[in-house]
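Quick notes on the structure that follows.
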Amino acid sequence: MTPLSRTRRWAALATLCLTVSLIVIDGTVLHLAIPSLTEALRPSSTQVLWIADIYGFVLGGLLITAGNAGDRFGRKRVLLIGVAVFGLASLATAYAPTPELLIVARGVLGVAGATIMPSTLSIIRNIFTDPRERTTAIGLWSSVTTAGAAAGPLLGGLLLDHFWWGSVFLINVPVMVVVLLVAAVTLPESRNPDAGPMDMPSVLLSVVGVIGLIYAVKEAAHAGPGQTTVVVAAVVGLCALAAFWRRQTRLAHPLIDVRLFRRRAFSGAVGGDMVAVFALVGTLFFLSLHMQFVLGWTPLRAGLAQLPAIAASTVAALVAGRLAMVWSRAAVISLGLGLSAAGLAVLVTLPVESGYPVVLGSLVLIGIGAGLSFTVTADTVIATVPKERAGSASAIAETAYELGAALGIALLGSLLGGLYRRTLQLPDGLPEQAAEATRDSIGAALQAAAELPVHLSRQVFAAAAEAFVHAVQITSLIGGALVAVVAVLALFTLRGLPSVVDEHPLDPSATVTRQGADR
């Protein structure tokens with residue numbers, strides 16, 4: 001690829017940031033729309049989980065394939081196709097008349113998103129060849145990514161305060177049209193000249209493996225690990241991934257160079273990325289429900305309440321690269337994960353009434369932690385491969401991101417629901433139909449309470465709110481402990497990594513700068 005001028009490089013980065021912001025926003029904007037969507041379409045509790053999860057599941061399952069397609073057929077071409085399909089799928093999602101069609105439309109959005117996400121990061125790897133400039137560019141890209149995850153609820157709140165639930169998807173259409181036109185002019189084309197043919201058995205194994213494993217985790221958290229569907233999905237997913245791994249070691253042109261996972265820099269960064277987004281997206285999901293269902297806030301007010309997370313993550317992402325040069329990559333990644341764990345731990349003190357000061361503290365800590373972790377892990381992943389394989393490496397990083405987001409909603413959300421049902425104390429004299437609805441979820445409980453006599457309605461709301469807040473406290477404690485363990489592991493397993501990677505470190509001719517590295 002012909003080197004670009006400084007002006008065009010940064011113009012291209014702005015276009016890529018706008019594109020990826022919509023993909024990330026689409027993953028979280030649905031959170032605030034769930035109550036109004038539930039009222040309009042009347043989905044079951046299982047369908048609500050699928051509506052929330054299917055986008056991340058499909059996107060995560062196809063990222064590896066899409067990243068390799070960009071390396072082979074052209075990253076710009078694949079990105080433009082994804083942008084066009086994403087706009088059309090957004091239109092279909094906005095006007096879906098039934099829960100089933102909404103789930104299908106969200107799945108198509110996931111397919112389109114899978115073609116966009118790895119293309120953005122791999123194009124950045126190819127147009128920013130100076131390592132310090134690249135780190136700055138990734139810091140901006142990462143700040144947009146983390147800010148987009150937090151901005152989704154705000155955008156959703158603004159739209160839902162004035163329009164119907166489908167507006168949160170319809171807004172994508174005009175923006176994607178603009179992106180399509182601008183990207184066609186500003187983005188350069190790049191591809192791997194020696195990519196080789198696409199191995200279709202590997203494609204099938206990667207898709208089956210990733211989706212099967214995520215489905216097993218989701219169902220295990222929701223219905224219990226002993227369910228037949230959980231066991232079958234887990235076995236199929238693990239076997240497919242094992243076969244995929246084995247096949248990659250024997251191919252001349254694999255979808256993924258699995259030898260990369262032997263490097264602490266690569267495997268540690270991928271793991272850190274997944275855990276950081278697990279904490280961020282999972283927390284935003286159940287805090288959105290808390291602010292609307294327990295505190296009774298409008299979607300707009302709930303979205304505005306999450307603004308501190310946007311500001312914190314943006315600032316942290318912009319300074320993460322400089323901190324890594326002064327301290328070390330391991331220290332910054334570990335610090336980010338530690339702050340995320342602390343943010344979750346704060347929610348253990350969440351009260352039933354009010355509680356926004358506690359929520360604010362949690363959002364700021366998790367926002368800073370996510371901003372630090374995302375920037376350094378993303379830069380580490382793409383710096384460990386040559387530019388020709390940037391799409392494949394970016395796909396792995398984005399797969400970790402999407403898996404973390406999906407698992408954050410599925411695992412923490414399902415754990416939250418299970419704890420809610422276990423701790424719920426129903427008032428006496430409650431009709432069976434209302435009791436069944438109240439046990440299903442707090443959203444269903446509020447709908448059932450609205451049809452009851454005033455005195456019984458207040459008792460149902462109080463019981464549901466208390467059970468939900470208690471579930472948030474326990475879920476946060478478990479999630480925070482998990483993230484804290486990973487933060488400690490990251491500090492020790494990533495020690496000694498170079499602060500600045502000048503070229504692909506697997507290349508014998510590569511050079512590294514150890515400014516600020518651990519001794």
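The values are calculated or read from the model by the stated rules, or taken from the named source; none is laboratory data. Just so we're clear, the structure is a prediction, and the values are computed from it rather than from any experiment. Counting neighbours? That spans all protein chains shown, and the Cβs are built from the backbone with ideal geometry, glycine included. Just the protein is used for accessible areas: all its heavy atoms, side chains included, with ligands, DNA and RNA removed. Shrake-Rupley method; radii C 1.70, N 1.55, O 1.52, S 1.80 Å.
So here's what we get for this one:
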{"read-out": "Residue that is in contact (Cβ under 8 Å) with a residue 40 or more places away in the chain and open to solvent by 10 Å² or more (accessible area, probe 1.4 Å), where the choices are 441, 414", "value": "441"}
{"read-out": "Residue in region 148-161 that is in contact with a Ser or Thr (Cβ under 7 Å, 6 or more places away or on another chain) and under 13 Å from residue 19 (Cα atoms) present", "value": "yes"}
{"read-out": "Number of positions in region 358-389 that are touching a Gly at 6+ places or on another chain (Cβ under 9 Å) and either outside any helix (DSSP H, G or I) or open to solvent by 40 Å² or more (accessible area, probe 1.4 Å) (or both)", "value": "3"}
{"read-out": "Filter result for residue 129 (assigned to a helix (DSSP H, G or I) and of a type in the set (Ser, Thr, Tyr))", "value": "no"}
{"read-out": "Among residues of region 268-291, those that are farther than 26 Å from residue 352 by Cα and open to solvent by 10 Å² or more (accessible area, probe 1.4 Å), counted", "value": "6"}
{"read-out": "Enumeration of residues in region 295-311 that are small (Gly, Ala, Ser), open to solvent by 30 Å² or more (accessible area, probe 1.4 Å) and within 20 Å of the chain's Cα centre (by Cα)", "value": "311"}
{"read-out": "Selection from region 425-450 of residues that are under 20 Å from residue 44 (Cα atoms) and more than 37 Å from the chain's Cα centre (by Cα)", "value": "431, 432"}
{"read-out": "Number of the exception - residue 187 against (1) within 18 Å of the chain's Cα centre (by Cα); (2) open to solvent by less than 10 Å² (accessible area, probe 1.4 Å); (3) within 17 Å of residue 16 (Cα to Cα)", "value": "(1)"}
{"read-out": "Members of region 166-208 that are closer than 29 Å to residue 96 by Cβ, assigned to a loop (DSSP other than H, G, I, E, B) and modelled with pLDDT of 85 or more", "value": "166"}
{"read-out": "Count - residues of region 446-492 that are touching a Ser or Thr at 6+ places or on another chain (Cβ under 9 Å), polar (S, T, N, Q) and open to solvent by less than 10 Å² (accessible area, probe 1.4 Å)", "value": "1"}
{"read-out": "Residue within region 120-134 that is surrounded by fewer than 17 Cβ atoms within 10 Å (Cβ to Cβ), free of Cβ contacts under 8 Å to residues at least 40 places away in the same chain and either of a type outside the set (D, E, K, R) or within 25 Å of residue 405 (Cβ to Cβ) (or both) present", "value": "no"}
{"read-out": "Candidates 265, 242, filtered to the one that is more than 23 Å from the chain's Cα centre (by Cα) and assigned to a helix (DSSP H, G or I)", "value": "242"}
{"read-out": "Selection status of residue 506, in a loop (DSSP other than H, G, I, E, B) and at pLDDT below 90", "value": "yes"}
{"read-out": "Residues that are free of Cβ contacts under 8 Å to residues at least 40 places away in the same chain, in contact with a helix residue (DSSP H, G or I) (Cβ under 9 Å, 6 or more places away or on another chain), open to solvent by 20 Å² or more (accessible area, probe 1.4 Å) and closer than 13 Å to residue 202 by Cα, drawn from region 247-267", "value": "249"}
{"read-out": "Residue selected from region 312-357 under the condition more than 20 Å from residue 383 (Cα to Cα) and among the hydroxyl-bearing types (Ser, Thr, Tyr), by the criterion most open to solvent (accessible area, probe 1.4 Å)", "value": "349"}
{"read-out": "Members of region 88-110 that are within 18 Å of residue 179 (Cα to Cα) and open to solvent by 10 Å² or more (accessible area, probe 1.4 Å)", "value": "88, 91"}
{"read-out": "In region 154-183, the residues that are open to solvent by 50 Å² or more (accessible area, probe 1.4 Å) and within 28 Å of residue 72 (Cα to Cα)", "value": "177, 178, 180, 181, 182"}
